[in-house]
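Below you'll find the structure, written out as structure tokens, and then a few comments.
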Amino acid sequence: MTTIADGKSVTMCPMSLTRRSFLALSAALPWSLKSSASASAVPVGLELYSVREGLKKDPQATVRAVGQMGYQCVEFYAPYFEWTEAQTKQMRKLLDDLGVRCYSTHNDEKYFNAENINRARDMNLILGTKYMVQSWSDPKPNLDGWKAVAENLNSAAATLEPAGLKPGYHNHDAEWKPIDGVRPMDVLAKNTKPSIMLQLDVGTCVKAGADPVPWIRANPGRIHSLHLKDWSSDPAKEYKVLFGEGDAKWKDIFAAAESVGGVEYYLIEQEGSRFSELETARRCLQNYRSMRA
């Protein structure tokens, strides 16, 4: 008889399965379906720095366009901090109407200090986020400087965690360049609480000559989100390539993130490309879906 498997016609002879092979197939099938579903179950979103010019001109229209493309979540970056409470609530309503989540925001280092952290916390609670991510830190001349960054994140955790929020840290390429033989990223990982997310920016990691996969495996359960930014060793392209067009080994990265990294959501990020901002975002999502199909 003819049946359908993975969208293809397959001819099978009647009674070709023994009872033993049938039971083996029945036991294996749910596991297989669960494995394939686990990848598709990770939401994919857009770091809105990718559409920064549109966001400046019309935040609501830009976020609506992103949501209508099929992105499941978004990450606002530093300028969100200047919104009024009313604007923040309006944005949350739009997200709810679109069925889009904001799992995290990107924040300047100063948003974590005593003067700003309570305001940032309250805005993130309105947006429904889970993580307040420090988007960068000035490169430090020594390891003690990076240990101080870690301590600031630990202090922020004491303020944020009672409200249900957690800090995170997002790398650039400086964090992968050794100081006295030690990478700053390893200092941050070692000296921060396990609850603090290590948000992996893949593109800057690859540019710095580091391998994202061993890093993920060395920090199990802490890589709750990744910036899916590609990078090309071609000097004419570098960050201007679309997702999937650069040097990153995405298959291995996804496998590590989903097996041990503890990934909860992905965020496509684009510095710019040969296309407009929105067209770039659309094409990157299309490439992601094709890769993950």
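Restricting segment 55-87 to residues that are free of Cβ contacts under 8 Å to residues at least 12 places away in the same chain and charged (D, E, K, R) leaves a set whose member that is surrounded by the fewest Cβ atoms within 10 Å (Cβ to Cβ) is E82. Note on segment 218-246: residues that are among the charged types (D, E, K, R) and exposed (fewer than 15 other Cβ atoms within 10 Å of the Cβ) total 1. Selection of strands (runs of 3 or more DSSP E) fully inside segment 113-228 by the criterion of at least 1 residues being out of contact with any helix residue (DSSP H, G or I) (no Cβ under 7 Å at 6 or more places or on another chain), in the same structural domain as L267 (by TED's automatic domain parsing) and of a type in the set (A, V, I, L, M, F, W, C) returns 131-134, 197-201. The set of residues in segment 49-89 that are in contact with a Ser or Thr (Cβ under 8 Å, 6 or more places away or on another chain), within 16 Å of G128 (Cα to Cα) and in a helix (DSSP H, G or I) contains only Y80. Here D252 fulfils each of the conditions (1) under 15 Å from the mean Cα position of the chain (by Cα); (2) surrounded by fewer than 21 Cβ atoms within 10 Å (Cβ to Cβ); (3) outside any loop (DSSP other than H, G, I, E, B) apart from (1).
Residue-wise test of (1) in the same structural domain as M123 (by TED's automatic domain parsing); (2) of a type in the set (V, I, T); (3) at pLDDT 95 or above.
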site	(1), (2), (3)
A37	no, no, no
V51	yes, yes, yes
L55	yes, no, yes
Q60	yes, no, yes
R64	yes, no, yes
G67	yes, no, yes
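When segment 270-293 is limited to residues that are among the aliphatic types (A, V, I, L, M) and not in a loop (DSSP other than H, G, I, E, B), the one that is farthest from F254 (Cα to Cα) turns out to be L278.
The values are calculated or read from the model by the stated rules, or taken from the named source; none is laboratory data. This is a predicted model, so every value here is computed, not measured. For neighbour counting, all protein chains shown are included, and Cβ atoms are generated from backbone atoms with ideal geometry for every residue, glycine included.
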